[in-house]
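Values in this text are rule-based calculations from the coordinates and carry no lab data. Please read all numbers here as calculations on a predicted model, not as lab measurements. Note that we place each Cβ from the backbone using ideal geometry, even for glycine, and neighbour counts take in every protein chain shown.
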Amino acid sequence: MIIKKFNGKNEDEALKAARAELGAGAVIMNVKKVKKKGLAGLFSKPLVEVTAAVEEEQDAYVAPAQPAQEPKVPLGHGTKPLGTLQPVKSLQPGQPLQPRSAAATGRTNDISQYKDVLTDEEYEKLHPTEKPAEETPQRRSTDKVEDLQSLIEKQIKTVMNEESGEAQRSSEKKESKNKEVMSFIKLIYTTLINNEVDEKYANDLVEEIEKLSKPGVTIDYLLSNIYQKLILRFGVSTGLVPSENGPKVIFVLGPTGVGKTTTIAKLASDMAVNQKKKVALLTTDTYRIKAAEQLRTYADIIPDMPFRVVYTADDLKEALGELKEYDFIFVDTAGYSPKDVEKRDEMKHILDAAKEVTEIETYLILSVTTKYRDLLSICDSYKEMGEYRIVFTKLDETSCFGNIYNIRVYTGAEISYMTDGQEVPDDIETFNPQYIVRSILGGS
């Protein structure tokens with residue numbers, strides 16, 4: 001008997017393949033669904049596997065010259081041991097029998113010799129006390145051997161079905177595990193998109209997880225891995241560090257309305273009150289009188305904190321010369337549109353003048369509530385001023401922090417601080433990547 005397996009997109013396709021190769025007389029023994037191997041199989045529909053069998057053509061029955069060893073065939077329930085079946089060993093399932101005479105074979109047609117092979121019920125059925133008149137001894141012997149052959153075929157089929165069942169259960173277990181991993185990956189991707197992580201960066205992260213999706217990998221391992229990757233990409237935030245020689249001048253840049261003046265007040269207050277540093281305040285924002293007055297108010301509240309309005313690059317150089325004994329000098333600037341080339345050039349002229357006399361750092365203030373496309377335009381515009389660090393404001397006004405990750409990857413700039421309210425100096429802290437990553441991944 002020839003037994004083969006055929007795969008198809010559906011049962012009909014698999015059956016056609018079986019019958020095309022084995023012929024119309026092929027017997028279907030088993031039908032089940034299987035998955036392709038490898039990670040690609042997780043994204044494809046299951047195939048249908050058909051196990052089919054067909055009888056082989058063989059010459060007439062000839063008994064073996066030497067006694068054959070006992071065939072090791074698993075027994076079905078309620079079946080006696082098969083013993084030594086020399087007459088049956090060389091038969092093939094479904095082979096037409098051409099029995100020789102008793103004299104030629106050295107055998108009798110007495111089928112009682114097979115009694116130990118069959119159950120009592122099968123023996124009684126095949127060896128009744130009263131035989132029909134038309135049934136010849138030769139025919140009874142032929143039927144007996146054919147029934148033995150059929151019995152062996154049934155036992156083989158039972159074993160095949162059991163093995164197939166075990167393989168299917170194992171396959172289903174692996175398939176269930178793979179489905180769990182795929183569901184986790186889809187969940188991560190959806191969570192990143194919902195938290196406004198750019199689609200390109202979300203896909204990059206998901207691809208990295210998929211590379212780790214090997215057999216035996218756990219969800220906890222994958223989650224820990226993506227968490228660590230995000231933490232590492234944010235990097236370490238240093239914050240403000242005093243200059244070794246002379247004051248460190250901090251220019252605070254950014255568009256209007258993002259909280260530049262309030263951020264300066266928070267940083268200056270922390271340095272002066274908590275760090276006990278000597279701090280001075282300057283502003284070049286002569287376009288908004290209220291901004292200058294607001295900064296003057298903060299300077300008046302904190303003892304020994306001078307404040308000055310700077311109109312030109314020369315005024316700035318003069319002020320910096322007079323304040324050279326201070327640790328930090330914070331400079332507020334006017335916000336401008338990325339499309340306003342004139343104001344951008346004016347700001348760059350002031351920064352270049354400051355660099356001639358002292359060490360400076362530039363902080364770009366961004367609101368996390370600003371649209372991603374606008375953030376990209378702002379970052380590109382201020383990049384022409386030179387390298388900058390970033391402060392994200394208004395974290396209390398949104399629950400989606402994906403833009404923070406987007407800008408970090410896009411600019412490569414350090415994110416130094418984040419603010420979440422108007423209280424001075426309390427509502428500011430050094431950037432906390434753990435908090436942001438937990439939020440991006442859907443945690444609290």
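Using Cα-Cα distances under 8 Å and only pairs 6 or more residues apart, what relative contact order does the range 1-54 have, in percent? Write down the numbers at each step before the final one.
Working: 100 pairs, mean separation 26.9, N = 54.
For the range 1-54, the relative contact order is 50 percent.
Starting from the Cα gyration tensor of the range 1-54, take the square roots of the eigenvalues, sort them a ≥ b ≥ c, and report rounded, prolate or oblate (rounded when a/c is under 1.5, otherwise prolate if a/b is larger than b/c, else oblate). Please list the in-between numbers first.
Numbers: a/c = 2.99, a/b = 2.35, b/c = 1.27.
It comes out prolate by the Cα gyration axes.
Can you give the FRET efficiency for Ser224 and Thr398, using 1/(1 + (r/R0)^6), R0 = 30 Å, r = Cβ-Cβ distance, to the nearest 0.05? Don't skip to the answer; put the middle values down first.
On the way: r = 27 Å, r/R0 = 0.89.
Once the sixth-power term is evaluated, E becomes 0.65.
Counting other C-beta atoms within 10 Å, which of Arg373, Arg296 has the fewest, and how do the rest follow? Don't jump to the answer; show the numbers that get you there.
Working: Arg373 8, Arg296 15.
Starting with the residue having the fewest Cβ neighbours, the order is Arg373, Arg296.
I want to check a number: in the range 243-290, how many lysine pairs have alpha carbons closer than 24 Å, given a sequence separation of 8 or more or different chains?
Value for the range 243-290: 13.
Classify the range 225-378 from the C-alpha gyration tensor, please: rounded if a/c falls under 1.5, else prolate or oblate depending on whether a/b exceeds b/c. Mind dumping the intermediate values first?
On the way: a/c = 1.60, a/b = 1.22, b/c = 1.32.
Judged from the Cα gyration tensor, the range 225-378 comes out oblate (a/c at least 1.5, b/c at or above a/b).
When a/c is below 1.5 the answer is rounded, else prolate if a/b is larger than b/c, else oblate, so apply that to the range 170-234 with a ≥ b ≥ c taken from the square roots of the Cα gyration tensor eigenvalues.
Numbers: a/c = 2.67, a/b = 1.78, b/c = 1.49.
Prolate shape, in that a/c is at least 1.5 and a/b is the bigger ratio.
Counting only pairs 8 or more residues apart or on different chains, how many lysine pairs in the range 309-444 have their Cα atoms under 27 Å apart?
Close lysine pairs found across the range 309-444: 22.
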